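Accompanying notes for the structure given below.
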Amino acid sequence: MAAKDAMNAIVYLNGRYVQAERAKVSAFDRGFSYGDGLFETIRAYAGWVFGLERHLARLKKGADQIGIPFEDDVGEWRQVMGQLLRRSSLRAADASLRLTVTRGPDVLGSLLPPDVPPSPTLLLVARPLYAGIAERQQVGIDAVMVHWGSPFNPLQIKSLGYLYNMLAMVQAQREGAQEALFVDRDNCVVEGATSNLFSFSKGVLTTPPLSSGLLPGITREVVIELTKKEGLILREAPLPLQDLLASEEAFLTGSLKEIMPLVAIDGNKIGTGSPGPVTQRLQRCYRTAVEEERTQGMRGAKPPTPPLRKGGTGGFEGCEMRGAKS
């Protein structure tokens with residue numbers, strides 16, 4: 001989206017649909033001053049917001065934990081998002097939605113939240129989905145490793161919150177990669193700057209556990225459910241860097257990127273250097289899950305839970321979408 005188009009876009013701010021250039025947030029907003037807020041990035045498929053209930057539940061849980069009031073009514077938010085997509089001429093296209101919630105303004109400027117009940121700021125923005133995602137899903141992406149404390153210790157700067165992830169992505173771009181992977185002090189890979197991570201080797205999928213400090217991604221959660229339904233063996237365990245580099249295939253997950261093949265790290269190929277059969281299988285499964293939820297949702301029915309598949313990791317024929325190429 002060009003800068004001029006962005007300023008002419010419509011956003012939803014505190015209950016009103018307004019032109020972006022006229023959307024005003026207080027200079028005293030604690031989200032701006034201290035990063036005192038939360039956000040969700042959600043993908044919409046031709047007007048259907050996928051996984052909305054999960055995203056709102058995660059946002060509600062975080063808001064409750066830090067004491068920011070937030071109403072997570074799925075039906076109400078689906079209407080708001082549908083209206084914004086319509087006003088943004090994005091109902092027929094794939095789009096990304098970002099819902100930001102902050103504690104709201106605090107004129108006293110204290111680091112501690114004010115004693116009075118907060119007046120949260122709610123901002124919802126819709127944008128066209130980056131067109132390059134679909135192409136990258138077919139060929140995969142490269143990543144670089146970012147070790148904790150490099151290029152700086154994030155605990156030693158007064159960041160508003162997302163600076164470390166942003167600078168990690170700057171490093172990745174500088175080195176010709178599309179993602180940065182964080183490595184902890186034990187030389188285990190935890191997650192990406194914008195994604196969660198899975199590797200596959202010797203018939204077993206591995207993803208780092210929540211206890212490692214990673215973000216509990218919505219797409220990660222969906223993929224874990226899909227692996228169980230497909231009868232794939234999955235373990236949540238620390239993933240040493242050397243094991244990831246030696247894996248047969250790997251992929252990243254995120255609401256916008258869905259399941260993205262990871263084909264190289266720091267210039268070193270993962271497996272054959274191309275998307276692997278397990279990754280491709282789960283890509284089909286994920287798209288099937290999206291279409292099932294979208295179809296059932298448009299009809300006003302609850303999405304069905306597919307039966308648990310029996311068997312191991314034998315074939316890779318699962319989850320073919322109707323009309324999709326294998």
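The values are calculated or read from the model by the stated rules, or taken from the named source; none is laboratory data. Just so it is clear, the model here is predicted, and its values are computed rather than measured. Backbone-built Cβ (ideal geometry, glycine too); neighbour counts: all protein chains shown. What goes into the accessible areas is simple: the full protein's heavy atoms, side chains included, and nothing from ligands, DNA or RNA. Shrake-Rupley method; radii C 1.70, N 1.55, O 1.52, S 1.80 Å.
The Cα atoms of the stretch 135-292 give a gyration tensor whose axes a ≥ b ≥ c have a/c of 1.5 or more with a/b greater than b/c, which makes the shape prolate.
Please report the carbon-and-sulfur percent of the accessible area for the stretch 1-101; probe 1.4 Å, protein heavy atoms only, DNA, RNA and ligands left out. Please list the in-between numbers first.
On the way: 2600 of 5270 Å².
The nonpolar share, carbon plus sulfur, comes to 49 percent.
Evaluate E = 1/(1 + (r/R0)^6) for A93 and S211, where r is the Cβ-Cβ distance and R0 equals 35 Å; express this FRET efficiency to the nearest 0.05. Present the calculation step by step, with values, prior to reporting the outcome.
Values: r = 39 Å, r/R0 = 1.10.
Result of the calculation: an efficiency of 0.35.
Annotation for D115 and R174: the two label points, set 7 Å from Cα along the Cα-Cβ direction, are 4.7 nm apart.
Taking amide H as placed 1.01 Å from N in the peptide plane, I233 has its amide H under 5 Å from the amide H of L205, each at least 5 places away in sequence or on another chain. Could you compute the net charge surrounding P69? Neighbours are other residues with a C-beta less than 14 Å from the C-beta of P69; K and R count +1, D and E count -1. Overall, the nearby charge balance is -1.
Hey, with R₀ at 35 Å, roughly what FRET efficiency would V18 and E135 work out to, going by the Cβ-Cβ distance, to 0.05?
Working: r = 34 Å, r/R0 = 0.98.
The calculated FRET efficiency here is 0.55.
Is the C-alpha gyration tensor of the stretch 201-280 telling us rounded, prolate or oblate? Criteria: a/c under 1.5 is rounded; beyond that, a/b larger than b/c is prolate, otherwise oblate. Taking the square roots of the gyration eigenvalues as a ≥ b ≥ c, the stretch 201-280 is rounded.
The residues of the chain have, on average, 53 Å² of accessible surface per residue, using a 1.4 Å probe with all protein chains present. Rounded to the nearest 10 degrees, the inclination of helix 163-174 to the longest alpha-carbon principal axis of the chain is 50 degrees. Here K228 and Y45 are evaluated by their C-beta separation; at R0 = 25 Å the FRET efficiency comes out at 0.60. At a 1.4 Å probe radius, carbon and sulfur cover how many percent of the accessible area of the stretch 105-149? Summing carbon and sulfur atoms, their accessible area is 62 percent of the total for the stretch 105-149. For the pair S201 and R86, label points projected 7 Å from Cα toward Cβ lie 5.2 nm apart.
In this simple spin-label approximation, Y162 and Q242 carry label points 7 Å from Cα along the Cα→Cβ vector, and these lie 3.7 nm apart.
Taking each residue as 0.36 nm, the span from Q79 to E53 lengthens on full extension beyond its C-alpha to C-alpha distance by 8.1 nm. Pull out a ≥ b ≥ c, the square roots of the eigenvalues of the alpha-carbon gyration tensor of the chain, then state rounded if a/c is under 1.5, prolate if not and a/b is larger than b/c, and oblate in the remaining case. Oblate shape, in that a/c is at least 1.5 and b/c is the bigger or equal ratio.
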